[in-house]
Each structure stands twice: as C-alpha cells, then as structure tokens.
Amino acid sequence: MSASPLPLVSIITPSYQQAAFLERTMQSVLSQDYPNIEYIVVDGGSTDGSVEIIRAHADRLAGWVSEKDNGQAEAINKGVARAKGEIIAWLNSDDMYTAGAVREAVEALNLNPQASLVFGNVRVVDANDRVLNELRYGNWGLKELMSFHIIGQPAVFMRRSALPADGFLDTNYHFLLDHQLWLRIAVKHPIIYEPHFWAEAHYHEGAKNLAQAGKFGAEALRMVEWMRTSPDFGVEYQKHRNLIKAGAERINGFYLVEAEEYGRAFRAYMRAFFYSPRAVLPDWYRVLYCLAAPLGFKGLKKRRLEKRMKKLNSQP
C-alpha cells in the first residue's frame with residue numbers, strides 16, 4: 001500500500017524595498033527539508049536590488065511578480081489567489097524560517113486533523129541575526145486571541161479549507177491584519193500551538209512594528225468595535241468584554257512606548273488597568289518606564305526592556 005502523498009504547502013513572501021534581508025528570507029524557505037513546497041514571491045515594484053535577488057532564484061519559484069500594489073495585504077492576497085497548496089503560510093521579506101519548520105508544522109496538522117491553524121514560537125533578531133528576544137506563546141484559543149494575545153505571524157500555518165469565505169486578509173487593516181485573520185479563522189475552527197521555534201523576525205529601524213509603532217493601537221481599538229458588532233463574536237464578546245478592552249489598550253500602550261509617546265502610553269495602560277488589572281501586570285516595568293523616560297532616565301531603554309520581555313514572556 002503506497003504512502004499518502006505529502007500535502008502541498010504554499011508559502012508567499014510579500015516584499016518591498018527589502019533587499020538587505022530578502023536573500024536570507026528566500027534561502028530560509030528554499031533550504032527547508034520538506035519536499036512539497038510551492039514558493040511565490042510578490043514584490044511591490046522594488047528599486048533597491050530586490051528584483052535581481054528574486055530573479056537569481058526564479059527557477060525554484062512557483063511564480064513571482066514585481067509590480068506596484070496597495071500594500072502588504074493586497075500583495076499577500078495576490079499570492080494566496082495564485083497558490084494551490086492545501087496548507088498556506090506567508091513569510092515577510094525580513095523574516096526567516098528555522099530549519100525544519102515547514103515539515104514540523106505539516107506533521108502537527110497531520111496529527112491534529114481537527115485543527116485549522118497551527119502556530120509556533122518566534123525569535124526576535126537584530127539586523128545581524130543576533131537573538132534579542134524569544135517569544136514563547138501558549139495553548140491559546142479564541143478567548144485569548146480576542147483579548148489580544150498576539151501570536152507570531154511568521155510561525156503560523158493554515159489549512160486552505162479553513163480560510164474565510166469572505167476573503168483572506170482584510171485590506172482595511174495595515175498593522176494587525178494578521179491578528180484579524182486569526183480571529184476570523186479561530187471563531188469557526190480550532191487552532192493549536194506547538195512549542196517549537198519555527199521562525200525568526202528581524203527587529204530593525206525599517207520594521208513596521210518600530211517605524212510605525214504608534215499606529216498599531218488604533219487598529220486594536222477598531223478591532224474591538226468590529227468584534228462587538230459582529231454576530232460571530234457576539235456571545236464571546238459579552239462574556240469577556242472587559243478583558244478584550246484591556247487587551248486592546250495594553251497593545252496600544254505597548255506600541256506607544258515603542259513610538260516614545262510616553263504620556264499616551266501611560267494613559268492607555270491606565271485604561272487597561274481599569275478594565276482588568278491582571279492584563280497589565282506583564283507590562284508593569286513598561287508602565288514605570290512611561291513615567292521615568294520623560295524625566296531623562298533612559299538608561300533602561302531598548303535592550304533592557306527586551307531582556308525584561310524575555311523573562312516575563314511579554315507577548316505583543
């Protein structure tokens with residue numbers, strides 16, 4: 001009796017002006033030990049040498065394009081529309097898979113046929129690939145996602161059969177677009193966690209979660225209203241509304257600290273505390289930093305904050 005064929009895994013890399021990282025990203029996909037991958041690169045019309053990097057690997061790609069688009073969500077959606085795999089993932093052009101990640105994710109989904117999505121852990125690295133932080137998640141489900149427990153996008157793999165009928169990424173979201181998709185999947189299907197490091201995410205000056213950090217909170221707050229008014233989330237929202245609001249304000253505070261908007265960050269954290277004090281506890285040191293930084297006590301800044309994050313498993 002012949003063995004069942006390995007499911008095809010489609011991986012999409014959206015890219016724009018990321019030549020500094022793109023080669024490492026592509027090599028991390030092309031060097032995977034899983035034999036049934038189709039890899040699609042969707043470039044937004046880069047002029048920094050990215051196209052030359054893509055062309056150098058074109059014979060190993062299922063397809064690629066370089067043309068102007070309306071941002072990350074549209075680029076990923078374009079790739080997904082072309083993809084044929086039973087399992088779908090995307091890897092941004094400044095992130096990397098760890099060795100064996102795709103094979104392990106497929107094995108996890110095969111062992112859990114009821115699951116629609118599997119996610120692993122993520123290492124945060126600097127521009128030279130030195131580890132800054134390790135993000136370890138947990139056995140989270142819909143409740144945790146609704147209260148803004150953020151999972152690392154590059155370590156997520158989804159079944160095509162579980163993708164929302166109303167489309168893939170919502171192009172109205174630009175910063176938490178991945179989290180909104182996880183919610184739309186998890187409200188319909190089970191998700192599972194595997195405690196393995198499947199990806200590395202670059203933390204650098206051009207990264208969206210640093211360069212545009214101040215804009216993340218507004219999307220989290222908008223997502224709360226979306227959940228409140230959506231029939232799919234109605235019952236769960238009413239059960240956990242204070243925790244959900246606290247989670248959104250915590251995300252708001254977290255990213256406002258990154259944007260060095262300390263007054264607004266402190267107020268966001270205080271609103272989160274009002275809704276649910278325990279939601280703020282993992283970020284207690286960031287709340288103190290909101291008060292200390294404007295007074296000139298910046299010796300604790302980025303690196304020490306990251307070390308604290310590692311110890312406390314702060315997730316956003």
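FYI, it's all coordinate maths here, none of it is from the lab. Nothing here was measured: the structure is a model prediction, and the numbers come from that model. Positions of Cβ are generated from backbone atoms using ideal geometry, with glycine treated the same way; all protein chains shown enter the neighbour counts.
Distance from the Cα centroid of the range 140-168 to that of the range 69-115 is 12 Å (rounded to whole angstrom).
Near SER276, once Lys and Arg are set to +1 and Asp and Glu to -1 for all other residues with Cβ below 14 Å from its Cβ, the sum equals +4. Ordered by the count of other Cβ atoms within 10 Å of each Cβ, fewest first, TYR34, TYR137 give TYR34, TYR137. Net charge of the neighbourhood of VAL41, taken over other residues with C-beta under 14 Å away and scored Lys/Arg +1, Asp/Glu -1, is -4.
Multiply the residue gap between ALA292 and LYS188 by 0.36 nm, knock off their C-alpha separation, and tell me the result in nm, one decimal place.
On the way: separation 104, 0.36 × 104 = 37.44 nm, distance 4.38 nm.
My answer for the length gained is 33.1 nm.
Ranked by how many other Cβ atoms sit within 10 Å of their own Cβ, fewest first, the residues SER161, SER10, SER93 fall in the order SER161, SER10, SER93.
With the simple spin-label model, which puts each label point 7 Å out from Cα in the Cβ direction, the HIS174 to ASN112 separation comes to 3.4 nm.
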